[in-house]
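Written below as structure tokens is the structure these notes are about.
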Amino acid sequence: MTDSIKKYLSETPETLTRLLNNSEDLFKEVSHQDIKRIIVTGSGTSYHSGAEMQQLMREKSGILVEAYYPFMITRDLFKFDTSKTLLVGVSQGGSSFTTLDAMKIAKERGCKIATISADKPAYIDQVADYPLTIDIGRELAGPKTEGYYATKLHLLLLAEYIGLVNGNLNVDQFNNDMNDLKLTFDQFGSAYEKALKWVEDHKTKLASYNNMRIVGPASLYGDVLESTLKLVESCREPVSGFEFNEFIHGIYNAMNENTPVLFMDNGTENRMSKMLQILGKWTDSLYVFDLSDANDGNHMGYGVKVPKQFETFIFPLVFQVMAGVVSKERGIDADIPKDPNFHMEIGSKKYNH
């Protein structure tokens, strides 16, 4: 496993707890604005964070929350009154041109603008009313992991503080959520160790695959997308990710004996056993990851008990570990991009990170 991924995953629970404990001042100003709609935009890991957290953000804030890729942000999206709309531009490195362009469109149409980035000041902060900097510094690993969890936490906290101010949450509900988050972060380390041991035990087999399918429930769809990206950018082979019901709609036709499918199972899909039975006619490379104590070959459980609404802070772990361990097994240093100057050459970012 690349030392950088291991380093960042190991320090993640402490980092998340610190961000949580220091969050009140950061979100104080923006949470007291009259906001009725939040739009989250970003590319790659940044978009996946918004896609994963948008439903939970709706529940906590009591307002409309939507996640879009930057290319989906057009002037037509803001045809109506935007004075109470907050657009949140997310960029891990803080210099994405497409995210900045989307923010400029929203700004021109009258939206309030917030940014979430690990850079301070970030390039995208130039149009921000509320820079909500993630105080973790720049993540130097190739595949980003710690930043994904920190961004999800920031988006959730934004919604929590807005919900507390607008009355959607009472003080007890807010405090219970903060305590439940700390409980979840406390168990992150043991879940990580379980994932690391399982991947180390199975790395030879995992490294032999030249394609993978990742499937998960709707509530973990952002995590499915992010896990797919981690394996694509580290192992540099085709990997595709699907929500459970979308996988059913045609994807199964591409199954054969060489096709591994890796399932995130949070217990919400009652057809999981049937799915495994059917797919088992074509391949024995079916893997299931859940929160149980299982450690039975292709079935691994993280062995933790966390509040259901915060399971997203656990489920991607095994795939992030794979990004480090399996890429190394394949002779790839995931910390070195295929083209280190790619973003500068293609003109996609202000800075090459």
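Please provide three numbers in whole Å: the alpha-carbon extents of region 298-340 along the principal axes, with the largest listed first.
Sorted largest first, the three principal extents are 40, 24, 11 Å.
Considering every pair of different Cα atoms, what Kirkwood radius, in Å, is found for region 56-104?
Averaging 1/r across every pair of different Cα atoms and inverting gives 12.2 Å.
Treating each Cα of region 22-105 as an identical point scatterer and ignoring solvent, apply the Debye formula and state log10 I(q)/I(0) at q = 0.11, 0.12, 0.21 Å⁻¹.
Debye curve over Cα of region 22-105, log10 I(q)/I(0) at q = 0.11, 0.12, 0.21 Å⁻¹: -0.29, -0.35, -1.09.
Which far-off residues, 5 or more places away or on another chain, put their amide H under 5 Å from the one on G142, with H placed in the peptide plane?
D335
Given the pairs K152/K194; K144/K281; K84/K144, which span a C-alpha to C-alpha distance of over 31 angstrom in this model?
From the list (K152/K194; K144/K281; K84/K144), the Cα-Cα distance tops 31 Å for K144/K281; K84/K144.
What is the distance in Å between the Cα centroid of region 154-196 and that of region 301-326?
16
Please work out the average accessible area per residue across the chain, using the 1.4 Å probe convention, and give it in Å².
43
Over all alpha-carbon pairs in region 141-259, figure out the percentage whose distance exceeds 25 Å.
Roughly 41 percent, rounded to a whole number.
Compute from the Cα atoms of region 1-45 the Rg and the Dmax, the latter being the longest Cα-Cα distance, and quote both in angstrom.
Both quantities, over Cα of region 1-45: 15.7, 46 Å.
Assigning unit charges at the beta carbon (Lys, Arg +1; Asp, Glu -1) and nothing else, what dipole magnitude in debye, to the nearest 20, does region 23-118 show about its Cα centre?
280
State the antiparallel share, in %, of DSSP beta bridges confined to the chain, rounding to the nearest 5.
If we restrict to bridges inside the chain, about 10 percent are antiparallel.
Given region 178-219, what whole percent of its Cα pairs are spread farther than 17 Å?
The answer is 59 percent, as a whole percent.
Where nothing but the Cβ of Lys and Arg (+1) and of Asp and Glu (-1) is charged, how large is the charge dipole of the chain around its Cα centre, in debye to the nearest 20?
Once rounded to the nearest 20, the dipole reads 620 debye.
Taking 25 Å as R0, compute the FRET efficiency from the Cβ-Cβ separation of S273 and Q55 and round it to 0.05.
That gives a FRET efficiency of 0.45.
Could you tell me which of I314, Y148, V90 has its Cα farthest along the dipole of the chain towards the positive end, charges placed at Cβ (Lys, Arg +1; Asp, Glu -1), taken about the Cα centre?
The listed residue farthest towards the positive side: V90.
Is the C-alpha gyration tensor of region 50-204 telling us rounded, prolate or oblate? Criteria: a/c under 1.5 is rounded; beyond that, a/b larger than b/c is prolate, otherwise oblate.
oblate
Assuming R0 = 22 Å, can you tell me the calculated FRET efficiency for the pair Q309 and R75, based on Cβ-Cβ distance, to the nearest 0.05?
0.05
Summarise the accessible area of region 1-106 (1.4 Å probe, protein heavy atoms) by the percent that is carbon and sulfur.
49
Rounded to the nearest 10 Å², what accessible area does H32 show when all protein chains are kept and the probe is 1.4 Å?
My reading of the accessible area for H32 is about 120 Å².
Express the relative contact order of region 119-265 as a whole percentage, based on alpha carbon pairs under 8 Å and six or more residues apart in sequence.
Relative contact order comes out at 21 percent.
Just how large is the dipole of region 115-209 about the Cα centre, in debye to the nearest 20, putting +1 at every Lys and Arg Cβ and -1 at every Asp and Glu Cβ?
440
Hey, can you grab everything whose amide H is under 5 Å from the amide H of V239? Only 5+ residues off in sequence or another chain; H modelled, so Pro and N-termini drop out.
M212
Kyte-Doolittle cut-off 0.5, length cut-off 15 Å along the helix's own axis using Cα: show which whole DSSP H helices in the chain pass.
Helices passing the filter in the chain: 146-166, 317-329.
Work the Kirkwood hydrodynamic radius out for region 194-316: mean of 1/r over every pair of different alpha-carbon atoms, inverted, in Å.
About 14.7 Å for region 194-316.
Filter K6/K28; K120/K328; K6/K205; K7/K120 down to the pairs with a C-alpha to C-alpha distance above 27 Å, please.
K6/K28; K120/K328
Order the following by accessible area, largest value first: L286, L140. Probe radius 1.4 Å; ligands, DNA and RNA are ignored.
Solvent-accessible surface, decreasing: L140, L286.
The values are calculated or read from the model by the stated rules, or taken from the named source; none is laboratory data. Just so it is clear, the structure is predicted and the values come from calculations on it, not from any experiment. Here Cβ is always computed from backbone atoms with ideal geometry, including for glycine, and neighbour counts include all displayed protein chains. SASA here: full protein model, heavy atoms, side chains in, ligands and nucleic acids out. Shrake-Rupley method; radii C 1.70, N 1.55, O 1.52, S 1.80 Å.
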